[in-house]
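Below is one structure, written out as structure tokens; comments come after it.
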Amino acid sequence: MNNENFRVPLVIYCRRTGFRLISSVSQAADFLSAYEGEQHRPAWAEALDCCSGVKRGATTPEQVSQAFINAVTGIGIRIDTTLRLY
């Protein structure tokens, strides 16, 4: 999976794993893949497809970031939008 970084890293809070920093396409793909069997929602599959699209040049890391946000917030995972790392 492509390791391109997001322009703005995401800090998410998942009850199962606690706080996680997602700052790249590969980290987003790893997180989505780890919970893929539990999530049968279109947004989840779209986010995984978007991650794969970066390697083919069909999508950008920022598109992955937005798809990831849509997928995780759709199942109730919170994203800290106030944290600025840089």
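Distant-in-sequence amide contacts of Arg78, defined by a placed amide H-H separation under 5 Å and a gap of 5 or more residues or a different chain, comprise Tyr13. Using the Karplus relation 6.51 cos²θ - 1.76 cosθ + 1.60 with θ = phi - 60°, the per-residue 3J(HN,Hα) values for region 63-80 come to 5, 4, 4, 5, 5, 5, 4, 4, 5, 6, 5, x, 10, x, 6, 8, 10, 7 Hz, with x marking Gly and Pro. Its DSSP H runs of at least 4 residues, each contributing -39,500 (n - 2.57), put the calculated 222 nm mean residue ellipticity of the chain at -14500 deg cm²/dmol, to the nearest 500.
Here the extension length gained between Glu62 and Asp49 equals 3.3 nm, from 0.36 nm per residue of separation less the Cα-Cα distance.
What number comes out for the charge environment of Gln66, summing +1 per Lys or Arg and -1 per Asp or Glu over other residues with Cβ under 12 Å away?
Values: positive: Arg7; negative: Glu46, Glu62.
Around Gln66, the charge tally is -1.
For Asn5 and Ile75, FRET efficiency with R0 = 22 Å and r from the beta-carbon atoms, rounded to 0.05?
Working: r = 24 Å, r/R0 = 1.10.
According to the calculation, E is roughly 0.35.
Enter the mean projected area of the convex hull around the alpha-carbon atoms of region 5-80, in nm², rounded to one decimal. Orientation-averaged projected area of the Cα hull: 4.4 nm². Phi-derived couplings, Karplus 6.51 cos²θ - 1.76 cosθ + 1.60 at θ = phi - 60°, listed residue by residue for region 44-57: 5, 5, 4, 5, 5, 4, 5, 4, 5, x, 5, 4, 7, x Hz, with x used for Gly and Pro.
Computed from the coordinates by the stated procedures, all read-outs in this text should not be read as laboratory data. What you see is a predicted model, and the numbers here were worked out from it, not measured in a lab. Counting neighbours? That spans all protein chains shown, and the Cβs are built from the backbone with ideal geometry, glycine included.
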